[in-house]
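Engineer: Dropping the structure in here first, questions after.
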Amino acid sequence: MGTALITGATAGLGLEFAWQLATARHDVVLVARDEERLERLASQLRAAAGVRAEVLRADLSVRADVDRVAERLRATERPVGLLVNNAGMAVHQPFVGGDLEREEAAFDVMVRAVLVLSHAAVAQMVPRGRGAVLNVASVAALTASGTYSAHKAWVRTFTEGLAVELRGTGVTATALCPGLVHTEFHDRAELDMSGLPEVVWLHADDVVAAALADVRRGAVVSTPSVRYRVASAFLRTAPRPLVRVAGSPRRIAAAGRRRAAR
Ligand SMILES: NC(=O)c1ccc[n+]([C@@H]2O[C@H](COP(=O)([O-])OP(=O)(O)OC[C@H]3O[C@@H](n4cnc5c(N)ncnc54)[C@H](OP(=O)(O)O)[C@@H]3O)[C@@H](O)[C@H]2O)c1
């Protein structure tokens, strides 16, 4: 894979991708908004793994910043062999009367940036006959939990279509569809998940290890853990009216709070 470019590398799954890829001796390009955290991580990776670690500060809700990242992906010097489109956030607000700017920013980070960066990456990978794109979707792609589900459904479907188009090129596309993972995701959105039982939670190191194994074998959809593969099978086959009443982060958080209060 050579060099891997990871968006959202300062926390959670992205941070874990950076560590596991660097430990496997891949050079990394680290993308996120928090420059201090990016620089600190880059130094740690250089020191611990002896790899080249580039920092590319970018707010992926800003078009000019996305274009700078796309430019790096198109570069033929130290070409990027693995793109991990990971940056994302919960949109914890009702759509009706919610802040439209927040909705647009979430759309730009989780949909538009994935589109633009995938386009740039495959343009450089296909002529070389090798490379991989890993797009982080979610099990929420199969639910109907507001715009977040819609964004993740787009990522999953887009990646499946891209994988078909890439067949025979030596380049692969994989959609990662995790369930709930312990990261900064829920705290950042002020979602109180404290009442949920530990069994529903995945750990970032397991999720990332499973995802990278799936990328290596060219899987189109990666759903880490047996329990979330069972949940996904249920969500894919259950009647949609039933699916629509389950699965919203607010509903899940409220169920957790009720459980904690008992
Ligand atoms: N945690 C879960 O339960 C879960 C489940 C399924 C799917 N996912 C998906 O997994 C991915 C990673 O989430 P996580 O759980 O690791 O969350 P996290 O710990 O909150 O990390 C999110 C990362 O995205 C970056 N980011 C956020 N907004 C950005 C922007 N505008 N521009 C550039 N980078 C931005 C953040 O960095 P800066 O703040 O430094 O910019 C951070 O590095 C997301 O796509 C999420 O939807 C998470």
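The values are calculated or read from the model by the stated rules, or taken from the named source; none is laboratory data. The structure presented is a predicted model; accordingly, all values stated were derived computationally and were not measured. Here Cβ is always computed from backbone atoms with ideal geometry, including for glycine, and neighbour counts include all displayed protein chains. Keep in mind that these areas ignore ligands, DNA and RNA; they rest on the heavy atoms of the full protein, side chains included. Shrake-Rupley method; radii C 1.70, N 1.55, O 1.52, S 1.80 Å.
Engineer: Considering only the range 124-154, state which residues are within 16 Å of the ligand (Cβ to nearest atom), touching a residue at least 40 places away in the same chain (Cβ under 8 Å) and assigned to a helix (DSSP H, G or I).
Structural biologist: Of the range 124-154, the ones within 16 Å of the ligand (Cβ to nearest atom) are 133-154.
Checking which are touching a residue at least 40 places away in the same chain (Cβ under 8 Å) leaves us with 133-140, 142-149, 151-152, 154.
Once the filter is applied, which keeps residues that are within 16 Å of the ligand (Cβ to nearest atom), touching a residue at least 40 places away in the same chain (Cβ under 8 Å) and assigned to a helix (DSSP H, G or I), the range 124-154 yields VAL139, ALA140, LEU142, GLY146, THR147, TYR148, SER149, HIS151, LYS152, TRP154.
Engineer: Still on this structure, please answer the following. Please name all residue pairs, on different chains or six or more residues apart, with Cβ atoms under 6 Å, provided the first residue is in the range 166-183 and is among the polar types (S, T, N, Q) and the second residue is open to solvent by 40 Å² or more (accessible area, probe 1.4 Å).
Structural biologist: Between residues of the range 166-183 that are among the polar types (S, T, N, Q) and residues that are open to solvent by 40 Å² or more (accessible area, probe 1.4 Å), the close pairs are THR169/VAL126.
Engineer: Any residue in the range 69-97 that's without any contact (Cβ under 8 Å) to a residue 40 or more places away in the chain: show its pairings with residues that are within 16 Å of the ligand (Cβ to nearest atom) and not polar (S, T, N, Q) at Cβ separation under 7 Å, as long as the two are six or more apart or on different chains.
Structural biologist: These pairs meet every condition: GLN93/ASP99; GLN93/ARG102.
Engineer: Can I ask one more? Out of all the residues in the range 36-46, which are more than 11 Å from the ligand (Cβ to nearest atom) and either among the hydroxyl-bearing types (Ser, Thr, Tyr) or open to solvent by less than 10 Å² (accessible area, probe 1.4 Å) (or both)? Working first, answer last.
Structural biologist: Within the range 36-46, the subset more than 11 Å from the ligand (Cβ to nearest atom) is 39-40, 42-46.
Result: ALA42, SER43, LEU45.
Engineer: List, please: which pairs have Cβ atoms under 8 Å, are six or more places apart or on different chains, and start with a residue in the range 225-245 that is more than 15 Å from SER145 (Cα to Cα) and end with one that is surrounded by 12 or more Cβ atoms within 10 Å (Cβ to Cβ) and among the small types (Gly, Ala, Ser)?
Structural biologist: Short answer, once both residue conditions are applied: SER225/GLY179; SER225/ALA210; ARG227/GLY179; TYR228/GLY179; ALA231/GLY179.
Engineer: Which of the following residues is within 11 Å of the ligand (Cβ to nearest atom) and closer than 25 Å to ALA209 by Cα: PHE185, PHE158?
Structural biologist: Values: PHE158 fails: within 11 Å of the ligand (Cβ to nearest atom).
Among PHE185, PHE158, only PHE185 is within 11 Å of the ligand (Cβ to nearest atom) and closer than 25 Å to ALA209 by Cα.
Engineer: Within the group ARG33, ARG72, ARG25, which residue is at pLDDT 95 or above, surrounded by fewer than 14 Cβ atoms within 10 Å (Cβ to Cβ) and out of contact with any Cys (no Cβ under 8 Å at 6 or more places or on another chain)? It would help to see each step written out before you state the result.
Structural biologist: Details: ARG33 fails: surrounded by fewer than 14 Cβ atoms within 10 Å (Cβ to Cβ); ARG72 fails: surrounded by fewer than 14 Cβ atoms within 10 Å (Cβ to Cβ).
Just one listed residue meets the conditions, ARG25.
Engineer: Taking helices (runs of 4 or more DSSP H) that fall entirely within the range 1-85, which contain at least 1 residues that are closer than 26 Å to LEU180 by Cα? It would help to see each step written out before you state the result.
Structural biologist: Values: elements: 12-23, 35-49, 63-74.
It comes to 12-23, 35-49.
Engineer: Does VAL109 count as out of contact with any Lys or Arg (no Cβ under 8 Å at 6 or more places or on another chain) and surrounded by 17 or more Cβ atoms within 10 Å (Cβ to Cβ)?
Structural biologist: Values: out of contact with any Lys or Arg (no Cβ under 8 Å at 6 or more places or on another chain): yes; surrounded by 17 or more Cβ atoms within 10 Å (Cβ to Cβ): yes.
Spelling it out, VAL109 is indeed out of contact with any Lys or Arg (no Cβ under 8 Å at 6 or more places or on another chain) and surrounded by 17 or more Cβ atoms within 10 Å (Cβ to Cβ).
Engineer: Given the criteria near the ligand (Cβ under 10 Å from one of its atoms) and on the phi < 0 side of the Ramachandran plot, does ALA121 qualify?
Structural biologist: Details: near the ligand (Cβ under 10 Å from one of its atoms): no; on the phi < 0 side of the Ramachandran plot: yes.
Here the answer is no, as ALA121 does not meet what is asked.
Okay, residues lined up against (1) touching a helix residue (DSSP H, G or I) at 6+ places or on another chain (Cβ under 9 Å); (2) crowded, with 17+ Cβ neighbours inside 10 Å; (3) outside any helix (DSSP H, G or I):
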residue	(1), (2), (3)
ASP187	no, no, no
SER194	yes, no, yes
GLY218	yes, no, yes
PRO224	yes, yes, yes
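Engineer: Just give me the residues in the range 83-98 being more than 12 Å from the ligand (Cβ to nearest atom) and buried (at least 24 other Cβ atoms within 10 Å of the Cβ), in sequence order.
Structural biologist: LEU83
Engineer: Moving on. May I ask you to list the residues in the range 2-18 that are at negative phi and in contact (Cβ under 8 Å) with a residue 40 or more places away in the chain?
Structural biologist: We begin by selecting, within the range 2-18, every residue at negative phi; these are 3-7, 9-11, 13-18.
THR3, ALA4, LEU5, ILE6, THR7, ALA9, ALA11, LEU13, GLY14, LEU15, GLU16, PHE17, listed by residue number.
Engineer: Does the range 103-114 contain any residue that is in a loop (DSSP other than H, G, I, E, B) and among the charged types (D, E, K, R)? Please lay out each step first, then the result.
Structural biologist: First, the residues of the range 103-114 that are in a loop (DSSP other than H, G, I, E, B): none.
No.
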